[in-house]
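In what follows, a single structure is set out as structure tokens and then discussed.
The values are calculated or read from the model by the stated rules, or taken from the named source; none is laboratory data. Bear in mind the structure is a predicted one, so any value in this text is a computation, not a measurement. FYI the Cβ positions are ideal-geometry reconstructions off the backbone, even for glycines, and counts take in every protein chain you see.
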Amino acid sequence: MESINNRRTIRKYKQEDISASLLNDLLEKAFRASTMGNIQLYSVIVTRDKQMKERLAPAHFNQPMVTGAPVVLTFCADFNRFSKWCRERKAVPGYDNPISFLNAATDALLVTQNFCTLAEENGLGICFLGTTIYNPDQIIDILQLPELVMPVATITVGYPDECPPQVDRLPIEGILHEELYHDYTKEDIDRIYRYKESLPENHQFIKENHKAEYKKSLEHICKCTKSNLREDFRKSIWNA
């Protein structure tokens with residue numbers, strides 16, 4: 001519990017390699033995560049090669065931890081392996097649909113969080129890159145992901161070379177709903193976000209994180225949350 005309560009995102013790493021035995025042990029333990037139907041609908045791409053990290057960097061807005069970390073992990077929703085197993089056993093798979101993608105993405109993200117918790121408990125630092133879902137097409141091409149394999153999370157991993165302050169979290173009363181979802185009033189929103197908005201570091205967030213690129217990404221998210229969301233989602237998943 002201490003590593004969870006004290007966790008913080010690490011973006012600067014020592015130039016110290018992570019042994020394959022340690023990394024594989026952490027991943028193997030992470031694979032004990034809950035999974036839909038015990039199918040394990042995920043794959044993990046381990047990137048150590050400098051040139052490969054340099055190729056991945058633009059897909060993550062050239063954030064320096066991509067090339068600075070000794071290891072970059074790309075967690076993928078993967079129905080390719082299970083579909084091939086079905087065909088080999090003379091069954092007909094039918095998983096190129098939104099529900100299957102959500103199942104596989106959920107599996108992959110459960111494993112991702114398991115790994116992050118285990119890595120931090122073992123003295124490693126991690127950074128979750130939300131940019132993975134902004135540029136999946138680039139990542140698919142670079143990592144040569146086949147049909148029915150979709151990147152959903154990227155984690156940079158290494159031994160910490162910094163100890164930044166913990167960032168804020170919303171109060172529990174702003175997130176927890178008892179029995180039913182209770183929609184937020186203007187007063188609720190003001191109260192929930194008052195502390196976050198008061199912090200100086202949040203005033204500088206856009207400036208420090210490449211304003212133009214993040215603005216473009218936010219505009220894309222807003223566009224996708226309009227009424228055509230389901231159709232856009234259907235067309236975009238599984239490399240369609």
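Whether any residue in region 128-142 is under 20 Å from the mean Cα position of the chain (by Cα), part of a loop (DSSP other than H, G, I, E, B) and either of a type outside the set (D, E, K, R) or at pLDDT below 95 (or both) is what I want to check. Steps first, please.
We begin by selecting, within region 128-142, every residue under 20 Å from the mean Cα position of the chain (by Cα); these are 128-142.
Still in the running and part of a loop (DSSP other than H, G, I, E, B): 134-135.
Narrowing the set further to residues that are either of a type outside the set (D, E, K, R) or at pLDDT below 95 (or both) leaves 134-135.
Scanning region 128-142, I find at least one residue that is under 20 Å from the mean Cα position of the chain (by Cα), part of a loop (DSSP other than H, G, I, E, B) and either of a type outside the set (D, E, K, R) or at pLDDT below 95 (or both), so the answer is yes.
Does Tyr95 meet the test of being closer than 26 Å to Glu54 by Cα and at pLDDT below 95?
no
I'd like to verify a number: residues in region 1-17 that are over 18 Å from the mean Cα position of the chain (by Cα) and either part of a loop (DSSP other than H, G, I, E, B) or at positive phi (or both), how many? Lay out the reasoning, then the answer.
Filtering region 1-17 down to residues over 18 Å from the mean Cα position of the chain (by Cα) leaves 1-3, 5-6, 12-17.
From what is left, the residues that are either part of a loop (DSSP other than H, G, I, E, B) or at positive phi (or both) are 1, 6, 12, 14-17.
Residues meeting the conditions: 7.
Considering only region 161-196, state which residues are exposed (fewer than 10 other Cβ atoms within 10 Å of the Cβ) and not in a loop (DSSP other than H, G, I, E, B).
Across region 161-196, the qualifying residues are Ile172, Lys186, Glu187.
Within region 34-65, take every residue that is part of a loop (DSSP other than H, G, I, E, B) and touching a helix residue (DSSP H, G or I) at 6+ places or on another chain (Cβ under 6 Å) and give me the one that is surrounded by the fewest Cβ atoms within 10 Å (Cβ to Cβ).
Of the residues in region 34-65, the ones part of a loop (DSSP other than H, G, I, E, B) are 34-35, 39-41, 48-49, 61-64.
If we keep only those that are touching a helix residue (DSSP H, G or I) at 6+ places or on another chain (Cβ under 6 Å) as well, we get 34-35, 39, 41, 61.
Details: Ser34: 10, Thr35: 18, Ile39: 16, Leu41: 25, Phe61: 18.
Ranking the candidates gives Ser34 first.
If you take the residues in region 197-217 that are surrounded by 11 or more Cβ atoms within 10 Å (Cβ to Cβ) and among the aliphatic types (A, V, I, L, M), which one is modelled with the highest pLDDT?
Ranking the qualifying residues of region 197-217, first place goes to Leu199.
Taking the condition of being in a helix (DSSP H, G or I), of a type outside the set (Phe, Trp, Tyr) and without any contact (Cβ under 8 Å) to a residue 40 or more places away in the chain, how many residues in region 66-99 meet it?
Pass one, region 66-99, residues in a helix (DSSP H, G or I): 66-68, 80-88, 98-99.
In the following step, the residues that additionally are of a type outside the set (Phe, Trp, Tyr) were identified as 66-68, 80-81, 83-84, 86-88, 98-99.
When the remaining residues are screened for being without any contact (Cβ under 8 Å) to a residue 40 or more places away in the chain, the result is 67, 81, 84, 86-88, 99.
Within region 66-99, residues that are in a helix (DSSP H, G or I), of a type outside the set (Phe, Trp, Tyr) and without any contact (Cβ under 8 Å) to a residue 40 or more places away in the chain number 7.
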